[in-house]
Amino acid sequence: MKKYQLGEFEEVVMLTVGILYNEAYGISIKKEIEKRLSRKVSVGALQSALKRLEEKGYLKSREGESTQERAGRPKRYFTITAYGKKAMEYTRSTRNTLWDAIPRIALELKTVG
Amino acid sequence: MKRTDQSPPRSFLRFFRWFCHPELRNYIEGDLVELYRERLMTSGKRKADWQFVFDVVLLFRPSIIRPMQPSHSFNQFTMFRNYFKVGVRNILKYKVFSFINVFGLAVAMSLCMLIVLMLAEQKSYDQFHEKKERIYRILSDREHSKAPSATTPFPLPMALITNYPAVEEVTQLTRGVGGDATYNQRVVQMRGYFADASFFRVFGYALAKGNKNVALSAPNSMVITAAYARQLFGDDDPVGKTVDFTNRGLPNVGDGEGGEATPWGSFTVTGVIADVPYKSHLKFDVLVSSSSMKVLYDSKKLADLRDDWKFNYSSYTYVVLAANKSAEDLEAALTDLTWRKKENLDGLKGFKLSAQKLTGITPGILVSNEPTQRLPMMVYYFLWFLAAVVMISACLNYTNLSTARALSRAKEIGVRKVTGAYRSNLVYQFLSESVLTALLALVLATLLIVFMRPAVTGLWINQYLNFDLQGNVPVYLVFVAFALFVGMLAGIYPALHLSKAQPVKALKNSEGSRSGKMGLRKVLSVSQFVISLFFITTAILIYNQFRHYLEFEYGFSAENVVNIPLQGNDHHKVANAFAMVPGVVDVSASDIVPSTGTENGMSIRIAGTEDEYKKFGVLQTDEHFTGNLGISIVAGENLPAEDTAAGDFILVNEAAVKALGYTNPNEMVGQVLDPGWGGSTLRVIGVIKDFRFTTPANGDGIGPLAIRNNPSSFSFVNVKIAQGDLSGTVQQLEKAWKRVDPVHAFKYEFYDDQLASVYRGFLDVVTILGFIAFLAIVIACLGLLGMTTYAAETRKKEVGIRKVLGAGDLGIALLLSRTFLKILAIAIFIGAPLSYAVNNLWLQKLPNRVDFGFGTVFVSVLILLALGLLTIGSQTLRASRSNPVKVLKSDG
């Protein structure tokens, strides 16, 4: 039974929000993911993931300052909630359990020349 | 310039703002802008723009898009009740404007409703046949024909039913039945068709008496309609009775006259069609079994067309498609048949057969040789177009007046917005107001229709079209839907425009909104007047053309000539009886009445030459004809009196002399001519002065004509009456007729009336167009009235102050009128050349045109000016006369 639902991209976003700590808002998250994972992230995909995560209660947001380069629009900063932290830990531990259950021999792959 | 360069594509930004969930909008927009600026620095404008667009499009996803319904929809009903209440109050408060709006819309709507009624009535034709979805009429077409013909070659049905499985049933109606049925000395005139036994298997007519399956099988049997059965047999049972039928070749279409009377023998009545008002494109009083035709072939009373594939003018073919076949199968069968019969069709270039669905006949495409007259679809499209123009004009009025009143509504809008109304709420409010107005207009339009219906059904042309324009529930539902649509259409612009008002400005009542844009309203008003001017010019022009045809110089004297159809009687007897009537100058006989629409032709060349045959018009008259109509003989002498050789002589006209290559009429006399139809040669006995024997609308100039004395084809006598007691003489003529023919009613028409009635159709067009022009100008003037009234009202104070300072009445009136006078001037400036040019387009195609100079345009400009000035003047003068004390004292 699934206790916590966290998709792959959602997990990436959660982790990045964690990395950025107090500086996590739309653009910074996007850039961080793009930098660390070298994958393209569209604003749309990111925003809908953030909205989902907030609805699930994994993230909470607060309104930040509005600056000149944003044409006066405020930033929205995200932080991980306690519930979100649990979800991340749960995902991590299930993954670890699974890793541990793999017999050593299964991973000793040889590249055939 | 630099600032705009810095911002992302506006349209996409606006799109984003529109769809984005309000809670997310600011943050995401901030992100987007930040990103955009950054990209602008690194990759340049083009790339940044593209990436921005890309981002916005990718943001368009369910989780970002705002919820469809605003969350505050709990008291919709109360709100709508409020809209309704405010709407009613507004309508009552501004009575003049409401009246102008309601009346204008109602007038235009009634016109549209009339057309809906017409179309609905047309659609109800031929709906009573059980197999109506599978019945097709076969049309035949030749190269260079203007429209396909409803008639088909006689052998077609047999070929279809025997060789093609797509055809389940086929029936053929053949024209040519029209004459007198006699029973016990009672004579009734009937028109109808030869029909075969499968008639009742194809069509849904029910028989009140008789057996459907056999009624039309046996030779010399006939089925008549209930009305005619009553006329002929009274209350007796008609089935099994024998009637004598004398055919007079009465045409099926119209109420024209036939030719010689031929007794066809006796017929047994085998059925009576149920007394139901069948609405069908077919109309008949009698159906004669087509097996009777064989007897008539044998006695040479009917042309035998059984193997004639080329003559396709007399029979109608209707097929029932087999249940599992499609229209394409039928078309394929027809194509195949045409290909197989190409030898029989030798010389008929481009001969084509096609199928037309029975329910698509009325209303349908233009088809020649129709069994009944009816307006083709084109006419409805044209009427729709006119109605749409008027309707749009009325909607523009509403738009114009509503936006003009923006100022008076601004406070209300401001308050509503301040108390939390969304723009969409206001849009709904204004729309509900306009829909309310449209529904009121619907009520008025329905009343107008009651008056317009008799006007339309009373049009001359309606005796052929038989509109009776009764509404039914679906039609009324269409009306209501139409009214709703019109309300939306008229209200959408004001709703969007008025709801845009910003509450702060509106409540502060800034002067800025007063001197608002007149631009759009001016354009609308100008276009209304341009349209009106165009309609007025066209109506006047068509009326002039009508007068021109009426006063046309035919070259003969139709005055005091009465044309009397012979109705099958011997012309000698009739002529002798009439000649004795005092007051009759002379009596002549002819086969047709020239210049009233019927024309016969033949081809002629000089005998013994190999010249090409020339096309001639031909009249069959006796020797009194030329004298009677005052046609002078230029050379030679008149036709000889009737004897065995009289048929060998002809009179020709001056145009014929020219056509045959002579210059002097005298050279022509004595020439022997070879008629193209074969038969004996004709000797020219005299040359007459040219006169018009075709209708002026049928072509310019006068063509060659031959007149021959051929008594067997006479069907009219032409009685010239001395000036004096015309009606008394006609009564005498009637008495004389009764002595010769006690059976048929005396029919007569004055020749000059007949010539005029050819153009009755023109008069109908003038009536309709004149009416539409009237509506268009009324609506345009109403709009102008509304605008001037409003302008005068808003400038009341200004007028008061000016007057106190010493301005004169006229000066003020001019001041107030200036804008509107400009509108009129621009409309005339655009409309006059436009209506001149467009009307010239169709006029150039017409033979014997009336002069269309600037006079006509000038007259219509004068009409427009007079009405426009009256409208403007009535309001501005009133405003300028107002007492300044009262105006300035009141606190507006």
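The values are calculated or read from the model by the stated rules, or taken from the named source; none is laboratory data. The structure displayed is predicted, hence computed values, not measured ones. With ideal geometry, Cβ positions are generated from the backbone for all residues, glycine too; neighbour counts draw on all protein chains shown.
When B:I779, B:I707, B:I768, B:I772 are checked against the criterion of being closer than 30 Å to B:A827 by Cβ and in contact with a Leu (Cβ under 6 Å, 6 or more places away or on another chain), B:I772 stands alone in meeting it. Filtered by the rule that a residue be touching a helix residue (DSSP H, G or I) at 6+ places or on another chain (Cβ under 9 Å) and at pLDDT 90 or above, region B:240-261 gives a lone residue, B:V243. Between B:G364, B:G420, the distinction of being on the phi > 0 side of the Ramachandran plot and either in the same structural domain as B:L496 (by TED's automatic domain parsing) or not in a helix (DSSP H, G or I) (or both) belongs to B:G420 only. Scan region B:314-328 and report the pairs whose first residue is farther than 20 Å from B:E130 by Cβ and whose second residue is at pLDDT below 90 and of a type in the set (V, I, T), with Cβ atoms within less than 8 Å and a gap of 6+ or a chain change. Close Cβ pairs (under 8 Å, with a partner that is at pLDDT below 90 and of a type in the set (V, I, T)) amount to B:S314/B:T151; B:S315/B:T151; B:S315/B:T152. Scanning region B:738-755 for residues being part of a helix (DSSP H, G or I), surrounded by 17 or more Cβ atoms within 10 Å (Cβ to Cβ) and out of contact with any Lys or Arg (no Cβ under 9 Å at 6 or more places or on another chain) gives a total of 3. Here A:K3 meets each of (1) within 14 Å of chain B (Cβ to nearest Cβ); (2) part of a loop (DSSP other than H, G, I, E, B); (3) surrounded by fewer than 12 Cβ atoms within 10 Å (Cβ to Cβ) with one exception, condition (1). Across region A:31-49, the number of residues qualifying as part of a loop (DSSP other than H, G, I, E, B) and either at pLDDT 90 or above or surrounded by 17 or more Cβ atoms within 10 Å (Cβ to Cβ) (or both) comes to 1. I'd like to check something: does region B:440-457 contain any residue that is part of a helix (DSSP H, G or I) and under 22 Å from B:N82 (Cα atoms)? So far as region B:440-457 goes, yes, one or more of its residues are part of a helix (DSSP H, G or I) and under 22 Å from B:N82 (Cα atoms). For region B:814-871, a tally of residues being under 20 Å from B:Q528 (Cβ atoms) and of a type in the set (D, E, K, R) returns 2.
In the set (1) modelled with pLDDT under 85; (2) aliphatic (A, V, I, L, M); (3) farther than 22 Å from B:F311 by Cα, B:A147 fails one condition alone, (3). Within region A:12-30, take every residue that is within 11 Å of chain B (Cβ to nearest Cβ) and touching a residue at least 24 places away in the same chain (Cβ under 8 Å) and give me the one that is surrounded by the most Cβ atoms within 10 Å (Cβ to Cβ). Ranking the candidates gives A:I29 first. On the given criteria, is B:P711 under 39 Å from the mean Cα position of the chain (by Cα) and in contact (Cβ under 8 Å) with a residue 60 or more places away in the chain? Taking the combined requirement at face value, the residue does not satisfy it.
Could you tell me whether region B:539-559 includes any residue that is polar (S, T, N, Q), within 33 Å of the chain's Cα centre (by Cα) and part of a helix (DSSP H, G or I)? Taking every residue of region B:539-559 in turn, at least one turns out to be polar (S, T, N, Q), within 33 Å of the chain's Cα centre (by Cα) and part of a helix (DSSP H, G or I).
When you check B:T609 against the structure, is it in the same structural domain as B:A656 (by TED's automatic domain parsing) and surrounded by 16 or more Cβ atoms within 10 Å (Cβ to Cβ), yes or no? So B:T609 does not fit the description; no. Taken across region B:412-419, residues that are touching a residue at least 12 places away in the same chain (Cβ under 8 Å) and hydroxyl-bearing (S, T, Y) do not occur at all. What number of residues in region B:596-615 are assigned to a loop (DSSP other than H, G, I, E, B) and either in contact with a Cys (Cβ under 8 Å, 6 or more places away or on another chain) or closer than 29 Å to B:G761 by Cα (or both)? Qualifying residue count, region B:596-615: 5. All of (1) more than 30 Å from B:F430 (Cα to Cα); (2) at pLDDT below 85; (3) not polar (S, T, N, Q) hold for B:A327 with one exception: (2). Considering only residues in region A:31-85 that are closer than 15 Å to B:L24 by Cβ and of a type in the set (A, V, I, L, M), the one that is farthest from the other protein chains (Cβ to nearest Cβ) turns out to be A:L59.
When region A:69-84 is examined, which residues are found to be within 20 Å of A:G26 (Cα to Cα) and assigned to a helix (DSSP H, G or I)? Walk me through how you get there before you give the answer.
If we filter region A:69-84 for residues that are within 20 Å of A:G26 (Cα to Cα), which is where we start, we get A:69-81, A:84.
If the condition is that a residue be within 20 Å of A:G26 (Cα to Cα) and assigned to a helix (DSSP H, G or I), then A:E69, A:R70, A:G84 are the ones that fit.
Residue-by-condition table, conditions (1) at pLDDT 90 or above; (2) of a type outside the set (K, R):
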{"residue": "B:A481", "(1), (2)": "yes, yes"}
{"residue": "B:A490", "(1), (2)": "no, yes"}
{"residue": "B:A495", "(1), (2)": "no, yes"}
{"residue": "B:A501", "(1), (2)": "no, yes"}
{"residue": "B:K505", "(1), (2)": "no, no"}
{"residue": "B:R521", "(1), (2)": "no, no"}
{"residue": "B:L541", "(1), (2)": "no, yes"}
{"residue": "B:E553", "(1), (2)": "no, yes"}
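Regarding region B:29-48, can at least one residue be identified that is more than 22 Å from A:S48 (Cα to Cα), within 10 Å of another protein chain (Cβ to nearest Cβ) and surrounded by 15 or more Cβ atoms within 10 Å (Cβ to Cβ)? The answer is yes, given that some residue of region B:29-48 is more than 22 Å from A:S48 (Cα to Cα), within 10 Å of another protein chain (Cβ to nearest Cβ) and surrounded by 15 or more Cβ atoms within 10 Å (Cβ to Cβ).
All of (1) at pLDDT 85 or above; (2) within 14 Å of chain A (Cβ to nearest Cβ) hold for B:S63 with one exception: (1). Out of the residues in region B:18-28 meeting the condition of being touching a residue at least 40 places away in the same chain (Cβ under 8 Å) and more than 8 Å from chain A (Cβ to nearest Cβ), tell me which one is farthest from A:Y77 (Cα to Cα). Looking at the filtered set, the residue picked out is B:F19. Scanning region B:409-442 for residues that are surrounded by fewer than 14 Cβ atoms within 10 Å (Cβ to Cβ) and either at pLDDT 90 or above or under 13 Å from B:L496 (Cα atoms) (or both) gives B:Y422, B:S424.
The condition (being among the aliphatic types (A, V, I, L, M), assigned to a strand (DSSP E or B) and not assigned by TED's automatic domain parsing to the domain that holds B:T262) is satisfied by just one residue among B:V574, B:V581, B:V593, B:V618: B:V618. Would you check if B:L119 is assigned to a helix (DSSP H, G or I), touching a residue at least 24 places away in the same chain (Cβ under 8 Å) and within 14 Å of another protein chain (Cβ to nearest Cβ)? No, not satisfied. The set of residues in region B:353-371 being over 26 Å from B:L111 (Cα atoms) and modelled with pLDDT under 85 consists of B:V367, B:S368, B:N369, B:E370, B:P371. Taken together, B:G192, B:G176, B:G210, B:G204 contain a single residue that is among the small types (G, A, S), over 26 Å from B:F311 (Cα atoms) and under 32 Å from the mean Cα position of the chain (by Cα), which is B:G204.
Inside region B:329-339, residues that are in contact (Cβ under 8 Å) with a residue 12 or more places away in the chain and surrounded by fewer than 14 Cβ atoms within 10 Å (Cβ to Cβ) make up a count of 2.
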